[in-house]
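To keep things clear, I will list the structure first and then write my remarks on it.
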Amino acid sequence: MYTNTITTILPWHRETSSGKAVGWVALTVCVLAGSTSVTFATALAGALSPLSMLFISEALAMLFTVLSFGLFPLLRRITKLKRKQMLPIFFVGLSNSVIAPLLAFTGLRMTGPINAELFIRAEDIFLVLLAVAVLGEKLKKQHILGALCVFLGVAVVTLRGFSESLTLSRGDGYILLAAAFYACGGILYKKKLHTVEAELMIFCRTCIALGIFFLASPFMHHTLIEELQHFPTELIFALLGYGFLARFVNLFSFYESIERLPIRTVSLLLNLGLVGSIGFAHVYLDAPVLPFHLAGAGFILIGSVLMEIESITGHKVHFAAHLKHRHRSHV
């Protein structure tokens, strides 16, 4: 692994205090960089089609994976995958790298960034329900309480603090559907592919997404090249920010942090990205932060932490792979 190579060359080791200090810096950078993702994607959604946004997002994910792990080593490891794993890999790629992102990017064109950030967290509810229905897992008190907190948070936002009747917009609906497909891919990965290294899974997913993009390109009204030719100059910063900060820096610092800090610590503190995302949307897009947003975010944050605490008590290797898969899945 790229980060393992770094630790053998540089004078620190993951178990040393200096290595942990680097891990904390990396985790802080990861949370801050990840907080920009939804806001930058929202800014770009008006100028680029969902399919073009899909291409940019997945191409950047592939670039990071290749730079981190090497193209030929990845290809050699892929040839060693079992044939029975190919179909599940395709469906996970279709769900998490095509359908869910397209739904999310479409929803971002119709709703605000704060709503989008909060509604995408409904994935935790779908994960719990699917884990019971598909994996046969038993519900524990933390799962139930966490799911109820997330549901209450989503309800608070949907009902605008229970001050009015249901006001779910089309954009919010697309975001919720995206969360459901992200959860479906996550459960399929956990059921059929938990032995597949996360970087191989991500590489295969990006190949599937880019392949579908090129197959669909002839049927698009506007090609990516045409959209970039007419791209507003005032959005260049958002494009660079999305590509460099939200994708590359976020993913690089994520891997650096999990190499040097306990998985439990990384998993729990990543949830702080919810707070950072709301704050950045308010600063960069002047998105209004209303009291019901804060209340909803509070319930969702508590629910997510409760479910993370329960999840990380399982097998560390499997949980680490699942954490990598989830972190690399979202917009």
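Annotations for the structure displayed:
- Meets criteria (surrounded by fewer than 22 Cβ atoms within 10 Å (Cβ to Cβ), touching a helix residue (DSSP H, G or I) at 6+ places or on another chain (Cβ under 7 Å), at negative phi and part of a helix (DSSP H, G or I)) for residue 94: yes
- Members of the stretch 39-72 found to be under 14 Å from residue 201 (Cα atoms) and over 19 Å from the mean Cα position of the chain (by Cα), listed by number: 69, 71
- In summary, residue 282 fulfils each of the numbered conditions (1) surrounded by fewer than 18 Cβ atoms within 10 Å (Cβ to Cβ); (2) modelled with pLDDT under 85 with the single exception of condition (2).
- When we screen 280, 254, 244, 231 for residues that are of a type in the set (Phe, Trp, Tyr) and free of Cβ contacts under 8 Å to residues at least 12 places away in the same chain, the only hit is 244.
- Exactly one residue among 86, 110 is assigned to a helix (DSSP H, G or I) and more than 14 Å from the chain's Cα centre (by Cα), and that residue is 86.
- Check on residue 54, assigned to a helix (DSSP H, G or I) and either crowded, with 22+ Cβ neighbours inside 10 Å or touching a His at 6+ places or on another chain (Cβ under 9 Å) (or both): yes
- Any chance residue 209 is surrounded by 20 or more Cβ atoms within 10 Å (Cβ to Cβ), at pLDDT 90 or above and under 25 Å from the mean Cα position of the chain (by Cα): yes
- Restricting 145, 168, 176 to those that are more than 30 Å from residue 79 (Cβ to Cβ), free of Cβ contacts under 8 Å to residues at least 12 places away in the same chain and touching a helix residue (DSSP H, G or I) at 6+ places or on another chain (Cβ under 6 Å) reduces the list to 168.
- If you filter the stretch 223-236 down to residues that are in a loop (DSSP other than H, G, I, E, B), within 27 Å of the chain's Cα centre (by Cα) and not polar (S, T, N, Q), you find that the one that is surrounded by the fewest Cβ atoms within 10 Å (Cβ to Cβ) is 232.
- Test: residue in the stretch 71-85 that is in contact (Cβ under 8 Å) with a residue 24 or more places away in the chain and buried (at least 22 other Cβ atoms within 10 Å of the Cβ): no
- Of the residues 63, 10, 67, 32, the single one that is modelled with pLDDT of 90 or more and not polar (S, T, N, Q) is 32.
The values are calculated or read from the model by the stated rules, or taken from the named source; none is laboratory data. Quick caveat, the model's predicted, so the values are computed rather than measured. Cβ sites come from the backbone with ideal geometry, for glycine too, and all protein chains shown count toward neighbours.
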